[in-house]
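Report on the structure given below.
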């Protein structure tokens with residue numbers, strides 16, 4: 001369950017942006033012969049539905065029904081008491097409340113066309129029980145996996161999404177700037193980062209740490225106190241208006257400045273995206289992004305066995321491990337993959 005305030009800002013996510021996204025989805029549905037599209041959402045897989053409607057769940061789950069010729073309907077497994085909040089924060093024609101979202105969504109589609117062709121985005125992420133209810137509610141409906149169709153549409157960031165990601169990145173950058181490496185415990189440092197991000201408007205922040213880079217470069221969620229080494233790294237994962245980014249920064253206990261060379265090498269590697277050429281000399285690196293519903297999933301990297309290079313104009317978060325003057329460093333930041341003839345570029349610098 002999320003803790004930050006979730007609200008909709010028409011200035012930051014205009015109706016025109018949502019209308020344009022919906023129009024692209026409907027055009028693709030027409031080409032694929034789909035009468036309706038279903039997109040599942042919960043607090044860990046919110047990105048597909050939030051991209052089309054602005055809705056971000058605190059908890060529970062929902063199905064967005066996107067008919068090709070009618071306005072979208074959100075079928076939610078939330079109590080009626082949150083109906084007004086959903087309507088304030090989402091742009092849908094109707095909100096339907098039911099404990100069996102698959103059953104109701106199928107009935108809704110079948111009422112319009114009994115033998116409709118229905119695409120399911122993120123089919124592999126849909127629970128078996130919900131799919132069974134879909135079949136029970138529309139016995140003549142033809143269900144298809146529309147994951148690739150939706151992923152190709154979802155990948156290209158428009159100006160509204162880039163602006164939200166830049167805002168989230170700025171929050172992460174400023175929050176990590178509150179960390180003081182001298183005479184502070186790791187718990188106090190993380191608390192300062194989290195507190196700053198909340199005050200700046202983050203609806204969620206998760207902080208992971210590599211407490212002693214001389215011993216272990218792995219970033220982990222911290223439970224309890226841990227001793228800090230001479231250098232350590234923090235990774236801030238920040239959500240703002242449904243858009244998620246990661247920022248990674250290395251700190252020195254003696255407050256010595258971390259070399260600008262780290263940021264320069266990150267920027268140079270990012271400039272080569274979607275090619276992996278810029279990371280060829282690194283033993284550890286990762287590119288994450290949103291394909292369908294997970295806000296950040298591994299796309300390519302040193303430990304990704306089946307890479308999915310990001311498409312042009314996709315928003316990604318990049319992190320990598322390197323050594324400068326014999327010292328280990330972790331560094332990372334969000335970036336926008338270039339379009340035709342454009343280089344990929346960081347949204348903000350990590351330092």
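The values are calculated or read from the model by the stated rules, or taken from the named source; none is laboratory data. Keep in mind it's a predicted model, so treat the numbers as computed, not measured. So basically every Cβ, Gly included, is an ideal-geometry build from the backbone, and we count neighbours across all protein chains shown.
Brief remarks follow.
- In region 128-175, residue surrounded by the fewest Cβ atoms within 10 Å (Cβ to Cβ) [restricted to those that are over 30 Å from residue 333 (Cα atoms) and touching a residue at least 60 places away in the same chain (Cβ under 8 Å)]: 144
- Across region 154-175, the number of residues qualifying as touching a helix residue (DSSP H, G or I) at 6+ places or on another chain (Cβ under 8 Å) and modelled with pLDDT of 95 or more comes to 9.
- Residue 35 meets the conditions (1) closer than 18 Å to residue 150 by Cβ; (2) surrounded by fewer than 22 Cβ atoms within 10 Å (Cβ to Cβ); (3) out of contact with any strand residue (DSSP E or B) (no Cβ under 6 Å at 6 or more places or on another chain) in every case but one. The failed one is (3).
- Spans of strands (runs of 3 or more DSSP E) in region 285-337 with at least 2 residues within 22 Å of residue 250 (Cα to Cα) and over 14 Å from the mean Cα position of the chain (by Cα): 315-324, 327-336
- In the set (1) part of a helix (DSSP H, G or I); (2) surrounded by fewer than 20 Cβ atoms within 10 Å (Cβ to Cβ); (3) touching a residue at least 40 places away in the same chain (Cβ under 8 Å), residue 51 fails one condition alone, (2).
- Qualifying residue in region 234-241 (condition: modelled with pLDDT of 90 or more, more than 19 Å from residue 192 (Cα to Cα) and under 15 Å from the mean Cα position of the chain (by Cα)): yes
- For region 196-204, the count of residues that are modelled with pLDDT under 95, under 18 Å from the mean Cα position of the chain (by Cα) and assigned to a strand (DSSP E or B) is at least one.
- Restricting region 226-271 to residues that are surrounded by fewer than 19 Cβ atoms within 10 Å (Cβ to Cβ) and in contact with a helix residue (DSSP H, G or I) (Cβ under 7 Å, 6 or more places away or on another chain), the residue that is farthest from residue 319 (Cα to Cα): 226
- Matching residues in region 4-21 - criterion: being part of a helix (DSSP H, G or I) and either surrounded by fewer than 17 Cβ atoms within 10 Å (Cβ to Cβ) or on the phi > 0 side of the Ramachandran plot (or both): 15, 16, 19, 20
- A residue that is part of a strand (DSSP E or B) and either more than 23 Å from the chain's Cα centre (by Cα) or at pLDDT 95 or above (or both) occurs nowhere in region 211-228.
- Residue, surrounded by the most Cβ atoms within 10 Å (Cβ to Cβ), within region 89-101, restricted to residues that are touching a strand residue (DSSP E or B) at 6+ places or on another chain (Cβ under 8 Å) and without any contact (Cβ under 8 Å) to a residue 40 or more places away in the chain: 92
- Odd one out for residue 303, checked against (1) in contact with a helix residue (DSSP H, G or I) (Cβ under 9 Å, 6 or more places away or on another chain); (2) touching a residue at least 12 places away in the same chain (Cβ under 8 Å); (3) surrounded by fewer than 22 Cβ atoms within 10 Å (Cβ to Cβ): (1)
- Close pairs from region 259-273: first assigned to a loop (DSSP other than H, G, I, E, B), partner surrounded by fewer than 22 Cβ atoms within 10 Å (Cβ to Cβ), Cβ under 7 Å, at least 6 apart: 259/324; 272/278
So that you can scan it fast, the table gives a plain yes or no per residue for (1) touching a residue at least 12 places away in the same chain (Cβ under 8 Å); (2) in contact with a helix residue (DSSP H, G or I) (Cβ under 9 Å, 6 or more places away or on another chain); (3) more than 25 Å from residue 28 (Cα to Cα); (4) assigned to a strand (DSSP E or B):
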| position | (1), (2), (3), (4) |
| --- | --- |
| 81 | no, no, yes, no |
| 87 | no, no, yes, no |
| 103 | yes, yes, yes, no |
| 109 | yes, yes, no, no |
| 120 | yes, yes, no, yes |
| 124 | yes, yes, no, no |
